[in-house]
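K.L.:
Okay, here's the structure, questions in a sec.
The values are calculated or read from the model by the stated rules, or taken from the named source; none is laboratory data. What you see is a predicted model, and the numbers here were worked out from it, not measured in a lab. Heads up, the Cβs are rebuilt from the backbone with ideal geometry, glycines too, and the neighbour counts pull from every protein chain shown. These accessible areas exclude ligands, DNA and RNA; they are computed on the full protein's heavy atoms, side chains included. Shrake-Rupley method; radii C 1.70, N 1.55, O 1.52, S 1.80 Å.
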Amino acid sequence: MSDVKEIAEIPSFTVKLSIRRFDPEKSEEASWQEYEVEMHATDRVLDALHKIKWEQDGSLTFRRSCAHGVCGSDAVRINGRNRLACKTLIKDLDINSTITVEPIKGLPVEKDLIVDMNPFYQAYKDINPFLVANDKPEKERLQSPEDRARYDDTTKCILCAACTTSCPVFWTDGQYFGPAAIVNAHRFIFDSRDEEADVRLDILNDKEGVWRCRTTFNCTEACPRGIEVTKAIAEVKQAILRGRP
Amino acid sequence: MSVQIEIPNSPRKQRVTNWEKYGWLYMRISGPLLIVLIFTHVFVNLFTGEGIKQIDFAFVAGKWADPFWQWWDVAMLWLALIHGTLGMRTVINDYTEKPKLRTALVGTLWSVSGALILLGTLVVFTFDPCPPTSNPDLLPSFCEAIASS
Ligand code: HEM
Ligand code: SF4
Ligand code: FES
């Protein structure tokens, strides 16, 4: 029996984390705070955050819900890159140096790793993220597999904001619609059942719309769902130039 | 009875004219044109003939006596200046937050660029390759013929 236990042993190691802390009730300034935790090779950054909160410092504040890359609550900036804390294995980072964790950039920080997502959701609402179809069918609306495939990539979005808050154009003044809103517009613009592609194209043909995109590819690199975000934006640009999807 | 769903968001107002699309297109059309124009310009000036040593007043005057090079240079001037101005406008829009400052900077930018385009065009088309009072050694070779006629 003892053999079995030994085989099941997972290697563990000590990691240093430096976490950006901010508490508006204590100080106007944010600051870095270091923690040391014993972690296993199977642990993710979210597990480290949990361990710190549960065992060392209960005041550490962050969002998470599903803990499995589905809900999109825990996008944070890990070692300068936007990642879901629940999808980032610690062993994949450089564990010999301190791992930095900070809130995603470009949205107002409320406390520690929590940002105000409302400006982000507002841009999402602005593109009318719902199917518009005025016919009243008796059955479901049919769609060919090819037509469905046209926008498959952009259906995967979980609205985590990793893309929008990795975009240098969004960082400047936060007025840009941002990659996530364009991804979700793309999901309906190229849906053959939707009737308001022209409205959405017109909304994004704006001073703060797709033309602000400078093809930096940060968004594609950041997306935890592997969506080709920059490509989707380019397709929307082309659709506007064509005047139809 | 059908259910009334409230509109989740107030409908957007109709904008006035929107130039963003055309600005974006201009950058992409002028870019490749500038590659051809600029590199040919650099090649002709620095690699053909006597190379880098040939460039002086006479060389420039000689080129601008030819309508081909006049139009070439004017095309470069207009395309590059409008391209550069649109690009700087993007940078200003990125880095200014106060609307008044933004308008002032973009206004200054277009004024300067407009003045440069006008002056440049004027110089290229009204250029006198053989100014009567200058040292003949510095002028293009065809000036002698013109002066003696
Ligand atoms: C040699 C050929 C050139 C090509 C192919 C080219 C291409 C481009 C393109 C495609 C953009 C848009 C980038 C974007 O929206 O993401 C751009 C931006 C820009 N270009 Fe050019 N360009 C050229 C020459 C020039 C010249 C001669 C100037 C200066 C007069 C210039 C100044 C700028 C500036 C200031 C920007 C804005 C940079 C930014 O968006 O951050 N370019 N260029
Ligand atoms: S496109 Fe990707 S990175 Fe952007 S909000 Fe959706 S899931 Fe997150
Ligand atoms: S906690 Fe749900 S995506 Fe990470």
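K.L.:
Which of the residues belonging to the range A:51-63 are touching a strand residue (DSSP E or B) at 6+ places or on another chain (Cβ under 9 Å) and open to solvent by 50 Å² or more (accessible area, probe 1.4 Å)? Write out each step before concluding.
P.N.:
Narrowing the range A:51-63 to residues touching a strand residue (DSSP E or B) at 6+ places or on another chain (Cβ under 9 Å): A:51-52, A:55-57, A:59-63.
Across the range A:51-63, the qualifying residues are A:Lys51, A:Glu55, A:Gln56, A:Arg63.
K.L.:
State all residues of the range A:53-66 that are within 16 Å of ligand 2 (Cβ to nearest atom) and either among the aliphatic types (A, V, I, L, M) or in contact (Cβ under 8 Å) with a residue 24 or more places away in the chain (or both); if no residue qualifies, say none. Explain how you work it out, then say what you get.
P.N.:
Let us first name the residues in the range A:53-66 that are within 16 Å of ligand 2 (Cβ to nearest atom), namely A:63-66.
The answer is A:Arg63, and nothing else.
K.L.:
Here is a follow-up. Suppose we filter A:Gly174, A:Gly178, A:Gly106 for residues that are away from ligand 2 (no atom under 14 Å from the Cβ) and crowded, with 18+ Cβ neighbours inside 10 Å; which single one remains? Give the derivation first.
P.N.:
Working: A:Gly178 fails: away from ligand 2 (no atom under 14 Å from the Cβ); A:Gly106 fails: away from ligand 2 (no atom under 14 Å from the Cβ).
When all the criteria are applied, what remains is A:Gly174.
K.L.:
Would you call A:Ala222 within 16 Å of ligand 3 (Cβ to nearest atom) and buried (at least 22 other Cβ atoms within 10 Å of the Cβ)?
P.N.:
For A:Ala222, the condition - within 16 Å of ligand 3 (Cβ to nearest atom) and buried (at least 22 other Cβ atoms within 10 Å of the Cβ) - is met.
K.L.:
A further question follows. Among the residues of the range B:75-98, count how many are acidic (Asp, Glu) and either within 10 Å of ligand 1 (Cβ to nearest atom) or modelled with pLDDT of 95 or more (or both).
P.N.:
The number of residues fulfilling the criteria is 1.
K.L.:
Any idea how many residues of the range A:124-133 are touching a helix residue (DSSP H, G or I) at 6+ places or on another chain (Cβ under 8 Å) and within 11 Å of chain B (Cβ to nearest Cβ)?
P.N.:
6
K.L.:
What's the number of the only condition in (1) open to solvent by less than 20 Å² (accessible area, probe 1.4 Å); (2) away from ligand 2 (no atom under 14 Å from the Cβ) that A:Glu138 fails to meet?
P.N.:
Condition (1) is where A:Glu138 drops out.
K.L.:
Here is a further query. A:Cys160 versus (1) away from chain B (no Cβ under 14 Å); (2) under 24 Å from A:Gln143 (Cβ atoms): which is the lone unmet condition?
P.N.:
(2)
K.L.:
Check off (1) surrounded by fewer than 22 Cβ atoms within 10 Å (Cβ to Cβ); (2) within 13 Å of chain B (Cβ to nearest Cβ) for A:Val210 and give me the number that stays unchecked.
P.N.:
(1)
K.L.:
Restricting to the range A:127-166, give me the number of residues that are farther than 22 Å from A:Thr220 by Cα and in a helix (DSSP H, G or I).
P.N.:
Taking the range A:127-166 as the starting set, the residues that turn out to be farther than 22 Å from A:Thr220 by Cα are A:128, A:130-147.
This time we only want the ones that are in a helix (DSSP H, G or I), so: A:145-147.
Here the count works out to 3.
K.L.:
Hey, among A:Thr88, A:Thr98, which residue is modelled with pLDDT of 95 or more and either open to solvent by 60 Å² or more (accessible area, probe 1.4 Å) or within 16 Å of ligand 2 (Cβ to nearest atom) (or both)? If you could, list the steps in order and put the result at the bottom.
P.N.:
Working: A:Thr98 fails: either open to solvent by 60 Å² or more (accessible area, probe 1.4 Å) or within 16 Å of ligand 2 (Cβ to nearest atom) (or both).
Of A:Thr88, A:Thr98, the one residue that is modelled with pLDDT of 95 or more and either open to solvent by 60 Å² or more (accessible area, probe 1.4 Å) or within 16 Å of ligand 2 (Cβ to nearest atom) (or both) is A:Thr88.
K.L.:
Further, regarding this structure: Mind listing whichever residues of the range A:163-216 are within 30 Å of A:Pro137 (Cα to Cα) and touching a Cys at 6+ places or on another chain (Cβ under 8 Å)? Reasoning before the result, please.
P.N.:
First pass over the range A:163-216, keeping only residues within 30 Å of A:Pro137 (Cα to Cα): A:181-204.
A:Ile182, A:Val183, A:Asn184, A:Arg187 - these are the residues of the range A:163-216 that are within 30 Å of A:Pro137 (Cα to Cα) and touching a Cys at 6+ places or on another chain (Cβ under 8 Å).
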